[in-house]
Amino acid sequence: MESVVNDNVMNDDNIINSDGYSYEEDSEAKIEKNIVDEKKEEVFQFFHKMLIVDELPFVFVEHEGFRYFCKQLCPKSVPPSRKTVTRDCYSIFIEERSKLKDIFSKLSSRVCLTTDTWTSGQNLGYMYLTAHFIDDQWRFHKKIINFCPIPGLSGEIIGKSIEKCLNEWNLRKILTVTVDNASSNDVAIQYLRRRITHWGGSVLDGRFLHMRCAAHILNLVVKDGLKELDLSIARIRGAVRFVRSSPNRLQTFKACMEEENITSKSYVFLDIETRWNSTFLMLETALKFKKAFDNLYTKGGAYCKELRRHFGVPDYDDWRRVEAFLPFLQIFYETTLKVSGSLHVTSNSYNGKETLAICAEKTELEKYLSEEVEPNDLNFDILEWWSGSQMRYPVLALMARDVLAIPISTVASESAFSTEGRVLDSFRTSLTPRIAEALICSQDWLRQSQGPLILEENLLELEELEDG
């Protein structure tokens with residue numbers, strides 16, 4: 001015992017053995033190592049979420065540049081393998097799904113659904129299902145809860161696929177299902193109406209379960225109307241393509257602009273033919289430079305030769321038709337933007353006060369209807385208004401929370417103008433259905449900023465970059 005005491009010298013701060021080793025130093029080293037390990041785990045957790053949110057392929061972790069980055073950041077760390085990253089990303093999906101299920105289990109309001117189908121490069125069909133709801137704090141939520149392959153696009157298959165998903169999430173209180181105008185969706189809704197009514201989760205036996213996609217209807221109208229201008233649009237598109245095809249041609253066009261005293265800071269841009277909003281923006285901008293195009297025509301040369309090999313040079317009648325049609329297209333463009341928002345309520349664009357008048361306590365309803373109508377202000381927040389008015393109108397507020405969650409479009413703004421079906425990219429097509437669903441759903445749940453793609457802002461930014 002005495003030798004042990006002699007071998008270990010005690011002091012106020014630590015224990016030092018006969019070899020001069022400090023146990024406190026060892027303890028501090030372990031604590032420091034634990035902190036480093038925890039921090040490394042946290043960093044990799046953020047990295048996995050970045051892969052999901054930014055849609056980076058798993059093979060990214062095997063790229064030389066990433067491994068070099070990891071080595072410089074922490075020389076002792078070993079970059080994760082593709083297999084490890086896949087497993088960890090799926091674990092994040094399981095964790096986030098559990099959180100969302102907990103939210104649904106405590107949700108007092110009803111859930112509204114949107115569904116649509118996608119096609120992979122191998123012509124395989126996929127279906128996604130999105131839940132829309134307003135929580136007790138009057139915050140609007142949009143969550144993708146399912147993305148899965150389906151063996152066909154018949155109404156019965158779609159209906160049963162939605163039913164299976166709702167059972168997995170234990171969702172019963174469904175108010176509406178918004179779909180496009182395909183006849184198969186009518187069959188799917190009929191099937192779902194029977195099932196949801198059987199569960200006891202429908203309102204008025206599911207009479208108002210079926211909501212038709214407003215954006216899809218507008219898209220069909222515009223697509224049909226644009227056929228009347230096919231040749232004129234093709235000619236203007238050809239003129240714009242010629243101008244944007246090389247720096248020299250663009251400089252020649254700028255010279256024509258100067259000769260015509262056109263001082264606009266923007267330039268013409270080429271549209272994406274399957275997105276009619278970009279066609280609208282291309283035509284709207286091209287009209288500002290009509291005189292410059294006419295000037296280019298008078299100079300002859302390659303401009304006339306190249307365009308005559310295709311649809312021809314835009315003439316006076318082409319510009320006149322487009323100019324007359326644009327005001328109508330402007331209305332559809334603004335309306336589509338309004339009804340296809342995925343990050344805010346849209347049903348108030350369609351439903352007025354009469355919707356809430358279906359059933360409510362008479363005195364409360366009369367009081368509500370007697371109030372002054374709010375001014376038509378773009379900054380008006382209807383959810384904030386109801387949040388502050390729910391004490392005055394408790395019954396109507398419960399109804400409003402359900403009704404305002406109804407989406408009147410199945411698509412987000414970036415897809416609303418497309419004249420083609422949604423196509424799954426090659427990376428996601430190469431994944432197993434389970435991993436593809438995990439990535440698509442997790443991305444939707446993790447994104448902090450879910451603002452839609454605003455095409456005109458991107459084009460303006462590109463123009464500014466080109467100008468230096």
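The values are calculated or read from the model by the stated rules, or taken from the named source; none is laboratory data. A quick note: this is a predicted structure, and the numbers were derived from the prediction, not measured. Here Cβ is always computed from backbone atoms with ideal geometry, including for glycine, and neighbour counts include all displayed protein chains. What goes into the accessible areas is simple: the full protein's heavy atoms, side chains included, and nothing from ligands, DNA or RNA. Shrake-Rupley method; radii C 1.70, N 1.55, O 1.52, S 1.80 Å.
Summary table
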{"quantity": "Neighbour cut-off at most 16 other Cβ (10 Å), DSSP loop, trypsin sites (Lys or Arg not before Pro), the stretch 202-304", "calculated": "R207, K265, K299"}
{"quantity": "Translational diffusion of the stretch 86-221, µm² s⁻¹ [Kirkwood Rh, Cα pairs; Stokes-Einstein; 4 °C; 1.567 mPa s]", "calculated": "82"}
{"quantity": "Hydrodynamic radius of the stretch 262-302 per Kirkwood, over alpha carbon pairs, in Å", "calculated": "11.3"}
{"quantity": "Whole-Å semi-axes of the ellipsoid equivalent to the stretch 160-243 (Cα gyration tensor, √5λ, descending)", "calculated": "42, 13, 10"}
{"quantity": "Members of K83/K160; K83/K143; K106/K164; K227/K338 lying beyond 30 Å, as alpha-carbon distances in this model show", "calculated": "K83/K160"}
{"quantity": "For the stretch 166-182, 3J(HN,Hα) per residue [Karplus equation, 6.51 cos²θ - 1.76 cosθ + 1.60, θ = phi - 60°, Hz, x = Gly/Pro]", "calculated": "4, 5, 5, 8, 6, 9, 10, 7, 9, 8, 9, 10, 9, 9, 7, 8, 5"}
{"quantity": "Built amide H within the under 5 Å cut-off of D180, gap 5+", "calculated": "C213"}
{"quantity": "Fraction of accessible area attributable to carbon and sulfur, the stretch 168-310 (%, probe 1.4 Å)", "calculated": "49"}
{"quantity": "³J(HN,Hα), Karplus 6.51/-1.76/1.60, whole Hz, each residue of the stretch 46-58, x for Gly, Pro", "calculated": "5, 5, 4, 5, 5, 4, 5, 5, 8, 6, 7, x, 4"}
{"quantity": "Cβ-placed point charges (K, R +1; D, E -1), dipole of the stretch 63-170 about Cα centre in debye, nearest 20", "calculated": "460"}
{"quantity": "Long-range Cα-Cα pairs in the stretch 177-217 (distance over 13 Å), rounded percent", "calculated": "50"}
{"quantity": "Under 19 Å from the K227 label point (7 Å along Cα→beta-carbon), backbone N, the stretch 257-274", "calculated": "273-274"}
